[in-house]
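Contents: one structure, followed by commentary.
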Amino acid sequence: MGNWLVNHWLSVLFLVSWLGLNIFLFVYAFLNYEKSDKYYYTREILGFCNRTLRKPLDHNLTFHKLVAYMICIFTVIHIIAHLFNFERYRRSQQAMDGSLASVLSSLSHPEKEEDSWLNPIQSPNMTVMYAAFTSIAGLTGVIATVALVLMVTSAMEFIRRNYFELFWYTHHLFIVYIICLGIHGLGGIVRGQTEESLGESHPHNCSHSFHEWDNHEGSCRHPHFAGHPPESWKWILAPIAFYIFERILRFYRSQQKVVITKVVMHPSNVLELQMRKRGFSMEVGQYIFVNCPSISFLEWHPFTLTSAPEEEFFSVHIRAAGDWTRNLIRTFEQQHSPMPRIEVDGPFGTVSEDVFQYEVAVLVGAGIGVTPFASILKSIWYKFQRADNKLKTQKIYFYWICRETGAFAWFNNLLNSLEQEMEELGKMDFLNYRLFLTGWDSNIAGHAALNFDRATDILTGLKQKTSFGRPMWDNEFSRIATAHPKSAVGVFLCGPRTLAKSLRKRCQRYSSLDPRKVQFYFNKETF
């Protein structure tokens, strides 16, 4: 590799410069078309990185899992193939029948002259296990396989949900895996005949006269072999370069100072952090990565922004769902001055950014999954206050499903403000929201029934009454389809997989076959 670069450095420099120039020109033109005001109306007609184009990009985790599955499958194939190979190597080494395989296995080994061996099993007494743990290829293969098994098993949903720190640290064994992959081929287990040897003893001419290889008067000589140079670096060099660049960029952004302006402890063990950061700009539904060095230098966790772009701060709501979040909440409960240092990277986009691109939006949040919709509803409140005429959305249906009544508390003020604002503006029909309580007993239900005639709900204090149980989605979708027969309806979910499966089916079922009539488009937040 070094000699090749020395001999071809001018060509490499020209190629890199040419590629760099093309990338620069592409990025420059892309940003010009996307940002320049003179292309505003062109973008309105053509769309630029719209929901159809960007939707595949929102499935980055799905693609990540698909790549992982393929790595596992091909790793198993690779291991099984080598097990068969080593078994054949062993049989050829032990064979005493004078066959071509036994003759090739008896060729010189590393400790002998010329290093022209072909069979890695150097003697009849050597075991496959010994060869695996004493060769570069075997040892790196074993280490890489162990690292892969640990990464895959610790990535199971049960471990991710309940022991996230174990998943987080174990998943970084990919560094060991990549290093082993890079040097795996240095051992040269699979060897080929050298070019010089092919000129002297081509297998087409000499493979049938292998008994005469020791005859110096013959035209065929012992073949010489060499290991194939490692090629895995060709596959991992570009991803490693992109990864290192991304880590450097994220490190730079994370080092920018974050000022915590307000800390609020909500019911149901939910922590709200309001922060400021120079140059921070967000859109509705986006998320950030948060790190608290006093808890862990390495762990970064994603949290949806609950603030609106119109506000002077950005905020997140954090529920105690694991060791890291519990430690973070405990740290803010115990320490008042000075505040624990927080590092923030982001924001990053999600499907919820497209909510205002639909005439009708259906927002479904489960528990703390309501956070992206808090940002959306706050932004709507600000748009109403400022009489924003650019708002394309004409109707929003909001469903919030919670297990306990305390979870509603921190969101009540926002919903109450929206109720008052829309009532004053005469737009009470703009937002239709339903709150569903799934964890209830007869005492709660009885208390709610006795006070049903009150103007406000006994549990939340809102005008909209809380429903007990889960939504009847067929009824809800049928009602929406009837009310908006010719609209594009965006359905946005932040919740569990089972609910996503149910809503996706309803979107397909209640979308009209006629593209001019009602169409439901399903979108799910993925972390």
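The values are calculated or read from the model by the stated rules, or taken from the named source; none is laboratory data. All of these numbers come straight from a predicted model, not from anything done at the bench. Heads up, the Cβs are rebuilt from the backbone with ideal geometry, glycines too, and the neighbour counts pull from every protein chain shown. These area figures cover heavy atoms from the full protein model, side chains too; ligands, DNA and RNA do not enter into them. Shrake-Rupley method; radii C 1.70, N 1.55, O 1.52, S 1.80 Å.
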> Given (1) open to solvent by less than 100 Å² (accessible area, probe 1.4 Å); (2) part of a helix (DSSP H, G or I); (3) at pLDDT below 75; (4) not polar (S, T, N, Q), where does L198 come up short, assuming only one miss?
Replying inline: (3)
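Considering only segment 262-278, how many residues are surrounded by fewer than 12 Cβ atoms within 10 Å (Cβ to Cβ) and not in a loop (DSSP other than H, G, I, E, B)? Talk me through it step by step, then tell me what you get.
Just the residues of segment 262-278 that are surrounded by fewer than 12 Cβ atoms within 10 Å (Cβ to Cβ), to begin with: 262, 278.
Subset that is not in a loop (DSSP other than H, G, I, E, B): 262.
Residues flagged as surrounded by fewer than 12 Cβ atoms within 10 Å (Cβ to Cβ) and not in a loop (DSSP other than H, G, I, E, B) within segment 262-278 amount to 1.
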> So how many residues does segment 142-160 have that are touching a residue at least 40 places away in the same chain (Cβ under 8 Å) and either assigned to a loop (DSSP other than H, G, I, E, B) or under 17 Å from I121 (Cα atoms) (or both)?
Replying inline: 1
>> Please pick out the residue among I159, I136, I73, I121 that is over 23 Å from G188 (Cβ atoms), surrounded by 13 or more Cβ atoms within 10 Å (Cβ to Cβ) and either hydrophobic (A, V, I, L, M, F, W, C) or in contact with a helix residue (DSSP H, G or I) (Cβ under 9 Å, 6 or more places away or on another chain) (or both).
In response: I159
>> So, in segment 494-527, how many residues would count as being touching a residue at least 40 places away in the same chain (Cβ under 8 Å), touching a Pro at 6+ places or on another chain (Cβ under 9 Å) and of a type in the set (S, T, Y)?
In response: 0
> Which one of P302, P309 is touching a Phe, Trp or Tyr at 6+ places or on another chain (Cβ under 6 Å) and open to solvent by 10 Å² or more (accessible area, probe 1.4 Å)?
Replying inline: P302
> Of the residues S281, S254, which is under 30 Å from the mean Cα position of the chain (by Cα), under 30 Å from H64 (Cβ atoms), open to solvent by less than 80 Å² (accessible area, probe 1.4 Å) and among the hydroxyl-bearing types (S, T, Y)?
Replying inline: S254
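For H228, are the conditions met, namely being open to solvent by 80 Å² or more (accessible area, probe 1.4 Å) and either at pLDDT below 75 or more than 22 Å from M70 (Cα to Cα) (or both)? Full working, then the answer.
Numbers: open to solvent by 80 Å² or more (accessible area, probe 1.4 Å): yes; either at pLDDT below 75 or more than 22 Å from M70 (Cα to Cα) (or both): yes.
For H228, the condition - open to solvent by 80 Å² or more (accessible area, probe 1.4 Å) and either at pLDDT below 75 or more than 22 Å from M70 (Cα to Cα) (or both) - is met.
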>> One residue is enough: does segment 153-174 have a residue meeting the conditions in contact with a Leu (Cβ under 6 Å, 6 or more places away or on another chain) and among the basic types (K, R)?
In response: no
